[in-house]
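Derivation of every value follows stated rules applied to the coordinates shown; laboratory data play no part. None of these values were measured; they are calculated from a predicted model. Positions of Cβ are backbone-derived with ideal geometry, glycine not excepted, and every protein chain shown enters the neighbour counts.
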Amino acid sequence: MNVNQKIALVTGASSGLGAAFADALVAKGVIVYGLARNMEKLQAIRQALGNTFIPIGIDLTDQKSINQWVNKTFSDSYVPNILINNAGTGYLKRIDELSLEHWHEMINTNLSGIFYLTSSVVPIMKRNWNAYHLINIGSILGKTTRADSAAYSATKYGLQGFSEALFKELRSFNIKVTCVNPGSIDTHFFEDSGIQSHSAMLQPKDIAELVVHILETPDNLLVDEITLRPLHPNPTKGNSR
Ligand SMILES: NC(=O)c1ccc[n+]([C@@H]2O[C@H](COP(=O)([O-])OP(=O)(O)OC[C@H]3O[C@@H](n4cnc5c(N)ncnc54)[C@H](OP(=O)(O)O)[C@@H]3O)[C@@H](O)[C@H]2O)c1
């Protein structure tokens, strides 16, 4: 896809990887709707990126708000070309330490929220033949596990299956689906779980550039899944995902 002047939705655009996607896409001439709850952070990103970044304060676990926003923003004459389902939440806790609240938060954000937005947007795409691409941000913990990742891995393995089935369902409608599974990224994502950033982690900017490259692949070429790992181990612990 030639991404210039295309319309993209990026969830979780207020920080980390989502902010890096917004930055990389705006630099390529894409009109980016950045979705997240923290409007203050989204406004700061608009200040930095300019008016082709459109901040949308929304809770992705609220299906009604998502449907209303999609229906008032998009139509058969204004269709988004790219949806990056990036927003996510993660708590690495052993089963007897994980609260019900955190279990529901991960299921609601990492699975239900993605279903709500994707199922709102796809019908508009299907009605209007064009080039489209859905990118789902999974995780290395959707390909393998660690002792404290049962709940988080359940969501990311789930997203893996969701993505693969959707790719089979939507390819004949000219809609590409790619699941991107990164290892440790240098963001604040897992800080609550005691995982601190280190210099060997993947950099959000590098992943964003790779995803833009995947979006720009020729129309008849589909990358259905990609796994990204840091090359070097954690310098302090000797291992890295
Ligand atoms: N960091 C890693 O090591 C790592 C590794 C593999 C995969 N991932 C995946 O990468 C994605 C991005 O994570 P990140 O590392 O960039 O973490 P992050 O900086 O914590 O970003 C998470 C984003 O999700 C948004 N979000 C969370 N719940 C939301 C909700 N209910 N409604 C709307 N937005 C919501 C947050 O925005 P608000 O708080 O403003 O709503 C924030 O912008 C996640 O899917 C994560 O699972 C991360």
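What residue, among those in the stretch 116-165 that are in contact with a Gly (Cβ under 9 Å, 6 or more places away or on another chain) and polar (S, T, N, Q), is surrounded by the most Cβ atoms within 10 Å (Cβ to Cβ)?
S139
Please go through the stretch 49-64 and give me each residue that is small (G, A, S) and either within 19 Å of the chain's Cα centre (by Cα) or part of a strand (DSSP E or B) (or both), ordered by number.
G57
Every residue, every condition in (1) acidic (D, E); (2) part of a loop (DSSP other than H, G, I, E, B); (3) within 25 Å of A13 (Cα to Cα); (4) touching a helix residue (DSSP H, G or I) at 6+ places or on another chain (Cβ under 6 Å), yes or no:
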position	(1), (2), (3), (4)
W129	no, yes, no, no
H133	no, no, yes, yes
A147	no, yes, no, no
T155	no, no, yes, yes
G161	no, no, yes, no
L166	no, no, yes, no
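Report yes if Q43 is within 16 Å of S120 (Cα to Cα), among the polar types (S, T, N, Q), outside any strand (DSSP E or B) and without any contact (Cβ under 8 Å) to a residue 40 or more places away in the chain, otherwise no.
For Q43, the condition - within 16 Å of S120 (Cα to Cα), among the polar types (S, T, N, Q), outside any strand (DSSP E or B) and without any contact (Cβ under 8 Å) to a residue 40 or more places away in the chain - is not met.
One residue is enough: does the stretch 32-50 have a residue meeting the conditions among the hydroxyl-bearing types (S, T, Y), touching a Leu at 6+ places or on another chain (Cβ under 7 Å) and within 8 Å of the ligand (Cβ to nearest atom)?
If we filter the stretch 32-50 for residues that are among the hydroxyl-bearing types (S, T, Y), which is where we start, we get 33.
Then drop every residue that is not touching a Leu at 6+ places or on another chain (Cβ under 7 Å), which leaves 33.
Adding the requirement that they be within 8 Å of the ligand (Cβ to nearest atom) leaves none.
No, the conditions are met nowhere in the stretch 32-50.
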